[in-house]
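Read through the structure below, which is laid out as structure tokens, and then see the notes.
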Amino acid sequence: MTYRALELLNLPPDEPAFLLDIGCGSGLSGEILDEEGYNWIGVDVAPSMLEVALEREVEGDLFLQDIGQGFGFRPGSFDGAISISVIQWLLNAETSHPTSSPPHRLTRFFTTLHSALRNPSRAILQFYPTSDDQIQLITSIAQKAGFGGGVVVDYPNSKKAKKVFLCLFVGSGGQQIPKGLDGEDTEVQEGRAAFEKRREKSGKKDKNGKRRGIKDKDWILKKKELYRQRGKESVPRDSKYTARKRKPVF
Amino acid sequence: MVRLITHNLLACHAKGCTTNNFPLQLKDVTIELREAEFNPDFVSGFLSRLEWTALVNAAKELGDTSLPPELPDMVDDDLLKNLHHVLLEIHIDEGSMICPNCGHSYPISNGIPNMLLAEHEIG
């Protein structure tokens, strides 16, 4: 996943870059960044994970920091930022304090991230949204913070392999949103209609709002015809009484 | 591990602390030297992003005076090597960083700086 994020980051080849790993955790992606020869800084909110990262002896500097509180990096510090499976955690409110509300935390995160990145550069944030609303909230706040870009979905038809990447651009300059992976359905999520329960239901009810029975006259005639074709014996004749309801006994 | 390259990028991010919040002052630090691979392209590419005076002062505090007080116009190999040493090989292990403006102290323990803020300090 880190490799895919780096690919989306689209850094100029053969140039040493200085990256920010948001939510570096135990340093899994940091090891890959080391391998690829990047200098990086990692931040995470969990001290226990950072200790694991220390034991791995990754090259980057590690910070204990809550990304919802914003970064203190000077403007233009980084050539790019990646984040693997992290920013969905910003959607949880831990206390009732106003600075703990998800929109506030997201705003703080995106504005400080935007200023910490160079112009032009990119941030690739992979995350697991639980609904389309969440994607919309996150992208709208990112746009308010000054980012361009959008959402790229890899393997949108697979439940397991589906990955949502938020590709954010600092500065313009004709940057294109990269395509998601997958042979048959490579469209970007924004172009797709949202799932609507209303449409799913329609067709089951008639004009008066009553549910139409599934086994109506047409259905019964079709079945009888089918049985006759198959040579089944004792299929009742069709008559005007076919598929009529019996009268109640009383 | 806080290297000086990181220290040179860090400013205080507490609420209302927007001016004079850089560089963070180092206090009671213990340092450790670790060799790192020398990459001249990276170091020279990073020159434009450095605050030179802040870097020289921080290096002096840690007992390294190999850097000239002014950034010379001509950048030669020796300077890059010294810069590489200062930026990437000096690690701050313990101590704290203090904001010159609001006085907020960011403790460093086991090489990891604690940048968490209390609720009333979040901007």
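The values are calculated or read from the model by the stated rules, or taken from the named source; none is laboratory data. This is a predicted model, so every value here is computed, not measured. Backbone-built Cβ (ideal geometry, glycine too); neighbour counts: all protein chains shown. Calculation scope for accessible area: heavy atoms of the full protein, side chains included, ligands and nucleic acids excluded. Shrake-Rupley method; radii C 1.70, N 1.55, O 1.52, S 1.80 Å.
Would you calculate, for chain B, the mean residue ellipticity at 222 nm contributed by helices, counting each DSSP H stretch of 4 or more residues as -39,500 (n - 2.57) and dividing by all residues, to the nearest 500?
Calculated mean residue ellipticity at 222 nm is -6000 deg cm²/dmol.
Dividing the Cα radius of gyration by the Kirkwood radius, what Rg/Rh value follows for the protein assembly as shown?
1.24
Give the accessible area for A:W219 in Å² (nearest 10); use a 1.4 Å probe, count only protein heavy atoms, and leave out ligands, DNA and RNA.
Accessible area, nearest 10 Å²: 80 Å².
Got the relative contact order for the range B:2-105 handy, in percent, Cα pairs under 8 Å and 6 or more residues apart?
This gives 51 percent for the range B:2-105.
Could you tell me the accessible area of B:D77 in Å² (1.4 Å probe, neighbours in place), rounded to the nearest ten?
110 Å²
Dipole magnitude of chain B about its Cα centre, charges +1 at Lys/Arg Cβ and -1 at Asp/Glu Cβ only, in debye to the nearest 20?
Charge dipole of chain B: 460 debye, to the nearest 20.
Looking only at the range B:2-105, where both bridge partners belong to it, what percent of the DSSP beta bridges are antiparallel (to the nearest 5)?
100 percent
Counting only DSSP beta bridges with both residues in the protein assembly as shown, what percent are antiparallel, rounded to the nearest 5?
Expressed as a percentage, antiparallel bridges in the protein assembly as shown total about 60.
Relative to a virtual label point 7 Å from the Cα of B:F38 in the Cα→beta-carbon direction, which members of the range B:87-117 show backbone nitrogen distances below 20 Å?
Under 20 Å, as judged by backbone N against the label point of B:F38, lie B:87-91 of the range B:87-117.
Mind grabbing the accessible area of A:R56 for me, 1.4 Å probe, Å², rounded to tens?
80 Å²
Given a 1.4 Å probe and every protein chain left where it sits, what share in percent of the accessible area of chain B is carbon and sulfur?
Summing carbon and sulfur atoms, their accessible area is 47 percent of the total for chain B.
Net charge near B:T53, counting Lys/Arg +1 and Asp/Glu -1 over other residues with Cβ under 13 Å of its Cβ?
Charge balance near B:T53 sits at -2.
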